[in-house]
Amino acid sequence: MKTFTYERPTTVAAAAQALAAKPDSKFIAGGTNLLDLMKLEVETPAHLIDVNKLPLDAVEDTPDGGLRIGALVRNSDLAADPRVRKSYGVLGRALLAGASGQLRNKATTAGNLLQRTRCYYFYDVTQPCNKREPGSGCSAIGGFNRVLAVLGTSDHCITTHPSDMAVAMQVLDAKVETTAADGATRTIPLAEFYRLPEATPQLETNLKTGEIITAVTLPPPPPGVQIYRKVRDRASYAFALVSVAAIVDTADGQVRSARLAFGGLAPKPWRSASAEAALTNQKAGAPAFAGAGEALVQGAKGSGHNDFKIPLVQRTLSAVLTQATLNA
Amino acid sequence: MSADHECCGVTRRRVLEGGAALAVLGSVRPGLAAEAMPQAPPISPTDPGISTMDVHLTVNGTAQSLSLDTRTTLLDALREHLGFTGTKKGCDHGQCGACTVLVEGRRINACLTLAAMHDGDHITTIEGLATGEQLHPMQAAFVHHDGYQCGYCTPGQIMSAVGMLDEAKRGFPSVVTADLKAHPELDDHEVRERMSGNICRCSAYPNIVAAIQDAKGAA
């Protein structure tokens, strides 16, 4: 690990100013991803700003009937929150499907959103990687790419975003609240928070330098059955090959509305408006579910080892929709 | 609680007499480990590249003050600077769970957190579980059910199990909990899911699950 200096501010303003003052610094919260990467020298910050003492660890009701989740709320505490368990089951299940009990006790809401890809070549500093070292090339294209993306990729990068939580937040239309070094606050819909790699895979979000995430807000729970289904290589404690977050509202055998987001497929949590449209006002059943799957994978491109993800996600989606409409 | 400790007929003394001592106790006693193993070499004050800071921890009830390279993980602070070698370094990347300790009562991977991030915190390691001669019920249950083979993962398994039972007691759900709104019932399926952050290369899992189920009421 490279050496670094360390500070522990106690206000959001001080933290944002500290980051703006030292461009080669990083926030550390749970640290479960950042320290892993620092040990491998994939990340080499010269300065760490420990944000654990900031007052951002509450889950609060919002006036409109939603939830405001502080940036430092631990994944295990959020999953155990009675309001999440009662009204946001898709989020609770996604959180609990991620990592291990020990890691969920440390990992934070904002840190989970900002975790880096688990692409083997991003982790291997001896290999070219455009995300780690812009312009060096992508080893995954033409390399070993079984776990990597089939949607939203570019010729420069085919990483997947590893989060389960963010997939559920995407299907719930979550918003990210931030504070900048000058004190300005803004709210970014999660749908506009992440960037696709295109020619600049090193830029993963639309956060500005010195901007700190303070909370994630959820609108009131939408109507319908909520499901999170994760398919992985072992039964627990593994990243998704594909995952599906679904909120499906049905009446009299018809789908009234469907919200669908996917993990393991793309460099960001992938919401599919076309798959949702293919289901809306359709009779719940295998033909409509197959149509949604086909709409989802329009334009999907495998890189060889990961070609299997394209049929796998369609089958997983069909299974999820069957379960969601069982009593329709 | 003392009655529970004797549930499996195993005391600290009997464990020490047997080969299981290192596995369930972490080490014979913390001081011995420190004596037997030289501590990390002192940091040269002339090295301009190294940043140090003072860190205060309470480990197993005893206050400890350290001056550490900022890069020192909680795991290395415990093992290399304080001699608590019961907490094991397995993968050092949060994948195996051998380094599990309790911080303010919650189980975490000591390898993926900096000692500096725990200034002022209370840490419990495997060496701090027993009460005098009496094993913690989870330690006794691991001995009784033979919940290990080589023993390397055992301190992490035991600390994780203690933390896991506390989470379950507080009603934390898991991904296999059928009804997220209900208080979870810890059947074997639940125990396996909740313990998935602890890997056992010897694959002693059936006996680990049995030990946890046995200790569930007592821990």
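Please calculate how many Å² of accessible area the stretch B:52-128 carries per residue, with a 1.4 Å probe and no DNA, RNA or ligand atoms counted.
Value returned for the stretch B:52-128: 29 Å² of accessible area per residue.
In the neighborhood of residue A:14, defined by Cβ-to-Cβ distances under 12 Å, what is the net charge if each Lys or Arg adds +1 and each Asp or Glu adds -1?
Every neighbour counted, the sum reads 0.
In the stretch B:166-186, which residues give up 40 Å² or more of accessible area once the other protein chains are added, compared with their chain alone (1.4 Å probe)?
B:172, B:173, B:175, B:180, B:181
So if I take the centroid of the Cα atoms in the stretch B:152-171 and the same for the stretch B:68-129, what is the distance between those two points in Å?
15
May I have the pair-distance distribution P(r) for the protein assembly as shown, computed from all Cα-Cα distances with 10 Å bins from 0 and rounded to whole percent?
For the protein assembly as shown, the pair-distance distribution reads 4, 17, 27, 26, 17, 7, 2, 0.
Counting only C-alpha contacts under 8 Å and six or more residues apart, can you give the relative contact order of chain A as a whole percent?
The normalised contact order for chain A reaches 17 percent.
So if we plug the beta-carbon distance of residue A:307 and residue A:203 into 1/(1 + (r/R0)^6) with R0 = 25 Å, what FRET efficiency do we get, rounded to 0.05?
0.35
Is the C-alpha gyration tensor of the stretch B:74-219 telling us rounded, prolate or oblate? Criteria: a/c under 1.5 is rounded; beyond that, a/b larger than b/c is prolate, otherwise oblate.
It is prolate, given that a/c is not under 1.5 and a/b is the larger ratio.
Please report Rg (one decimal) and Dmax (integer) in Å for the Cα set of the stretch B:133-219.
Using the Cα atoms of the stretch B:133-219, the pair Rg, Dmax is 12.6, 41 Å.
What part of the accessible area of the stretch B:133-219, given as a whole %, is carbon or sulfur when the probe is 1.4 angstrom?
Carbon and sulfur together cover 51 percent of it.
Which of the residues in the stretch B:88-109 lose at least 50 Å² of accessible area when you go from the chain alone to all protein chains together (probe 1.4 Å)?
Correct list: B:93, B:106, B:107.
Just to confirm, what accessible area per residue do you get for chain A at 1.4 Å probe, in whole Å²?
On a per-residue basis, 39 Å².
Kindly give the semi-axes, whole Å and largest first, of the ellipsoid equivalent to the stretch A:177-290, taking each as the square root of 5 times a Cα gyration tensor eigenvalue.
31, 19, 14
What does the accessible area per residue of the stretch B:133-219 come to in Å², with a 1.4 Å probe and no ligands, DNA or RNA counted?
40
Considering only protein heavy atoms and a 1.4 Å probe, what is the carbon-and-sulfur percentage of the accessible area of the stretch A:175-218?
Roughly 49 percent of what the probe reaches on the stretch A:175-218 is carbon or sulfur.
Once the mean 1/r over all distinct Cα pairs of the stretch A:27-88 is inverted, what Kirkwood radius in angstroms do you read off?
Hydrodynamic radius (Kirkwood, Cα only) of the stretch A:27-88 equals 13.6 Å.
For the stretch A:228-328, what value does the Rg/Rh ratio take when both radii are computed over Cα atoms and Rh is the Kirkwood radius, given to two decimals?
Result: Rg/Rh = 0.97.
Check which residues have an amide H placed less than 5 Å from residue B:59's amide H, if you skip close sequence neighbours.
Placed amide hydrogens put B:64, B:123 under 5 Å from residue B:59.
Carbon and sulfur: what percent of the stretch B:52-128's accessible surface (1.4 Å probe)?
Taking all protein chains in place, the stretch B:52-128 shows 42 percent carbon and sulfur surface.
Interface A/B, total buried accessible area with a 1.4 Å probe, nearest 100 Å²?
Interface area, both chains combined: 3400 Å², rounded to the nearest 100.
Considering just Cα atoms, how many Å³ per residue does the convex hull of the stretch B:52-128 enclose?
Once divided by residue count, the hull of the stretch B:52-128 is 72 Å³.
Estimate the FRET efficiency between residue A:290 and residue A:256 by the formula 1/(1 + (r/R0)^6), using the beta-carbon distance for r and 25 Å for R0, to the nearest 0.05.
Calculated value: 0.80.
Between the chain alone and the structure with every protein chain in place, find the residues of the stretch A:102-140 that drop at least 10 Å² of accessible area; heavy atoms, 1.4 Å probe.
Correct list: A:102, A:103, A:104, A:105, A:106.
Highest mean first, how do A:51-57, A:224-230 rank when packing is the count of other Cβ atoms within 10 Å averaged over residues?
Top of the packing list down: A:224-230, A:51-57.
Using the Cα centre as the reference, give the magnitude of the dipole from point charges on the C-beta atoms of the stretch B:133-219 (Lys, Arg: +1; Asp, Glu: -1; all else neutral), rounded to the nearest 20 debye.
That gives the stretch B:133-219 a dipole magnitude of about 200 debye.
Hey, got the dipole for the protein assembly as shown? About the Cα centre, +1 on K and R Cβ, -1 on D and E Cβ, debye to the nearest 20?
I would put it at about 940 debye.
Between helix A:286-296 and chain A, what is the angle of the helix's C-alpha long axis to the longest principal axis, kept within 0 to 90° and rounded to the nearest 10?
Relative to chain A, helix A:286-296 is tipped by roughly 30 degrees.
Give the residue list of trypsin sites (Lys or Arg not before Pro) in the stretch B:180-219 that are DSSP loop and have at most 14 other beta-carbon atoms within 10 angstrom.
Listed in order of number, the matching sites are B:181, B:201.
Roughly how crowded by other chains is peptide A:72-79, in terms of the mean Cβ count from those chains within 10 Å of each of its Cβ atoms?
Across A:72-79, the average partner-chain Cβ count within 10 Å equals 2.
Starting from the Kirkwood radius over alpha-carbon pairs of the stretch A:1-139, derive D by Stokes-Einstein at 25 °C in a medium of 0.890 mPa s and give it in µm² s⁻¹.
For these conditions, the coefficient is 147 µm²/s.
Using r as the Cβ-Cβ distance of residue A:155 and residue B:131, and R0 as 51 Å, what FRET efficiency do you calculate, to the nearest 0.05?
0.25
Ignoring ligands and nucleic acids, what accessible area does residue B:144 show with a 1.4 Å probe (Å², nearest 10)?
110
Based on DSSP H runs of at least 4 residues, each adding -39500 (n - 2.57), what is the mean residue ellipticity at 222 nm of the protein assembly as shown after dividing by all its residues, to the nearest 500 deg cm²/dmol?
Theoretical 222 nm ellipticity from helices: -8000 deg cm²/dmol.
The values are calculated or read from the model by the stated rules, or taken from the named source; none is laboratory data. Note that this is a predicted model, so its numbers are computed, not measured. Quick reminder, even Gly has a Cβ in these numbers, built from the backbone with ideal geometry, and neighbours come from all protein chains shown. What goes into the accessible areas is simple: the full protein's heavy atoms, side chains included, and nothing from ligands, DNA or RNA. Shrake-Rupley method; radii C 1.70, N 1.55, O 1.52, S 1.80 Å.
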